[in-house]
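Structure, as structure tokens:
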Amino acid sequence: MLARVAERLYWFARYVERTENTARLLLVQHQLVLDLPAAIQPGWGVMIDVLGAGEDFARSKLKPTEKNVVAFVFGDKSNPGSIMSCITYARENIRTTREVMPSELWERINSLYLSLVQRARSDLPRSNRHAVLNDVIQRCQQITGLLSGCMNHDDAYQFIVLGRNLERADMSTRIIDVGSAQLLGDDDETQPYRNALWISVLKSLSAYQMYRLNVRRNVKSHDVLAFLLHSAVFPRAVAHTLHEIQNCCVNLPNHKAALAVAKSSREHLLQVDLAGLRGDALHQFIDDIQLNLDQIHQQAAQTWFRIQAA
């Protein structure tokens with residue numbers, strides 16, 4: 001397989017996963033607006049923080065109001081992390097690698113792209129926001145299911161799974177970091193609603209039902225952190241994504257260096273006692289995980305995407 005094909009498949013998977021996660025975040029934030037009193041709602045600027053788009057949003061010189069943030073995150077092409085931008089990038093990556101993909105995939109991704117182009121021309125009001133975002137999530141899940149069920153599980157597929165799981169791990173750590181920063185304090189105003197806010201963190205990752213199934217207790221901060229970071233069975237937990245990344249590396253050639261980084265990252269994650277992490281210590285631990293994820297990405301790029309001529 002050509003290195004450029006492998007890299008485009010990898011980034012295609014990351015952009016589709018980023019699209020789904022961003023749509024889910026918007027949906028959960030929208031639901032919080034409806035469920036919580038205005039005085040203690042997380043501001044819409046939280047969305048910008050989670051997505052790491054602070055500099056891009058600052059250049060727009062807009063205030064972080066609901067309307068501005070939704071427009072910026074959903075359909076603003078000047079924002080490289082918007083849903084519209086991510087699907088555009090995913091479509092371009094797959095357009096040049098169609099020969100190794102199921103023929104139906106191009107139809108699905110192109111249909112989603114055209115649908116977003118139409119919707120991005122106008123605001124996303126509360127009245128139809130749920131329907132639009134849910135449609136985006138379902139279409140992304142259809143793409144993931146199509147690849148799983150209709151594509152050879154060869155090297156091309158391994159690069160897709162590798163990209164998808166790195167993106168999942170990155171988004172999970174972002175959500176945990178920002179969510180815990182808001183929720184681990186001692187603010188008396190938020191105390192009565194803290195349970196609902198932790199539930200929103202779980203729902204941001206579609207983890208609420210699986211959390212209740214596995215933990216079988218009320219939603220508590222330590223239990224949520226342990227589930228989202230250490231669970232070996234929940235697909236969006238960081239430990240599970242790192243395990244999937246290890247499996248991908250094993251199935252690819254010349255994998256020793258990338259596999260070593262992935263294994264050490266997972267071991268570091270599982271060795272830490274989460275019960276002792278609060279506030280700044282937790283934030284630093286999340287930063288360490290994100291640095292490890294970046295090291296995996298850099299090693300994958302060096303091993304498979306930037307092959308130097310002899």
I need the full set of residues from segment 251-283 which are of a type in the set (D, E, K, R), surrounded by 13 or more Cβ atoms within 10 Å (Cβ to Cβ) and either touching a helix residue (DSSP H, G or I) at 6+ places or on another chain (Cβ under 8 Å) or under 19 Å from D170 (Cα atoms) (or both), in order please. K263, R266
Write out, first by first residue and then by second, each pair whose Cβ atoms fall under 9 Å of each other, whose residues are 6+ apart or on separate chains, and whose first residue, in segment 61-86, is on the phi > 0 side of the Ramachandran plot while the second is surrounded by fewer than 20 Cβ atoms within 10 Å (Cβ to Cβ) and at pLDDT 90 or above. none
Can you spot a residue in segment 134-152 that is modelled with pLDDT of 90 or more, in contact with a Leu (Cβ under 7 Å, 6 or more places away or on another chain) and basic (K, R)? yes
Would you mind finding the one in Q246, Q209, Q182 that is loosely packed, with under 15 Cβ neighbours inside 10 Å, under 21 Å from the mean Cα position of the chain (by Cα) and either in a helix (DSSP H, G or I) or at pLDDT 95 or above (or both)? Q209
Considering each residue of segment 148-159, count those that are surrounded by fewer than 24 Cβ atoms within 10 Å (Cβ to Cβ) and in a helix (DSSP H, G or I), and give that number. 7
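The values are calculated or read from the model by the stated rules, or taken from the named source; none is laboratory data. Remember, it's a predicted structure, so these values are computed and weren't measured experimentally. Heads up, the Cβs are rebuilt from the backbone with ideal geometry, glycines too, and the neighbour counts pull from every protein chain shown.
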